[in-house]
Structure formats: structure tokens, C-alpha cells
């Protein structure tokens, strides 16, 4: 299993299962000194995809999750790695522990300078994530 940090609509566990991504343990996590934005462009210039950018004294709430190593290629394909998204190792806070994780982030070569809109599918996944019971992870 490989640890990942997900933010935005990738935190929707039913969507991961629908893609065929097998995962194990998962917990709420916080990425310090980053902020959430929607600046990875879609084909439609009004819409885009989530990204995190370094920002002092900001934080992004997300999900630390263990992914089956064999399923990383599914995620890479979905994220259009390495064209739309790149990967890097980050340290996130899970409860009172700092853990390492791999994170997708928008390729700076294609990101735009404005906050774009989410499409209907992403909004659906975000609304699933906002359900109260999701954040009551043990």
C-alpha cells in the first residue's frame, strides 16, 4: 500500500471504488502552508479542476489514504499525469502525527491565474464529502 493525500473530489470514496481503486486505511488529514484553488483548466475555459498551491499560514483539509500499489496507474490515468498533474511527497498531519504521503498537484505549466468553476460531477462528489458522517472518521 502507498499513502496518498487527496483533496477535493478525489476524497469521494465511492468514486474511487467506481474507478476500481482499492484502498485500505484512511483518515482526515491537514496539509499545512497550502491553499485550495480550482485552476487546472478543463476543455471548457470556465471550468477547472482542484489544485493546491503553497501559501504560508493556510491549510488544506483532505484525506490521508492507503492505495493499493497496483492501482496507482488508474489514478495516474485519471489525473492525466504528467500533463495535467504532477506528484510530490508531502508531510500531512493526521491527528497528532505527521505522516508522509504522495500528492497530485496541478502542473504549473498549464495552471491559470484565476479560480475556475467545478463541473456538475465534481460538485456531486464534493457534496458527498460534505456529508457530516464522512468527517466523523475514527
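The values are calculated or read from the model by the stated rules, or taken from the named source; none is laboratory data. In this text the structure is predicted, and so the values were computed from the model without any measurement. Neighbour counts run over all protein chains shown; Cβ positions are idealised from the backbone, glycine included.
A few notes on this one:
- Applying a threshold of 6 Å to beta carbon distances and a minimum spacing of six or more residues, or different chains, the list of pairs starting in region 1-21 at a residue that is touching a residue at least 12 places away in the same chain (Cβ under 8 Å) and ending at one that is assigned to a strand (DSSP E or B) and loosely packed, with under 13 Cβ neighbours inside 10 Å reads 1/24.
- Looking only at residues in region 82-123 that are crowded, with 16+ Cβ neighbours inside 10 Å and either in contact with a helix residue (DSSP H, G or I) (Cβ under 8 Å, 6 or more places away or on another chain) or in a helix (DSSP H, G or I) (or both), the one that is modelled with the highest pLDDT is 104.
- Residues of region 2-13 satisfying the condition of being more than 12 Å from residue 50 (Cβ to Cβ), outside any helix (DSSP H, G or I) and out of contact with any helix residue (DSSP H, G or I) (no Cβ under 7 Å at 6 or more places or on another chain): 3, 4, 5
- The residue that is nearest to residue 110 (Cα to Cα), among those in region 14-37 that are surrounded by 17 or more Cβ atoms within 10 Å (Cβ to Cβ) and out of contact with any helix residue (DSSP H, G or I) (no Cβ under 8 Å at 6 or more places or on another chain), is 37.
- Failed condition for residue 66, given (1) in contact (Cβ under 8 Å) with a residue 40 or more places away in the chain; (2) over 15 Å from the mean Cα position of the chain (by Cα): (2)
- Candidates in region 1-28 are the residues that are closer than 18 Å to residue 95 by Cα and more than 11 Å from the chain's Cα centre (by Cα); of these, the one that is modelled with the highest pLDDT is 3.
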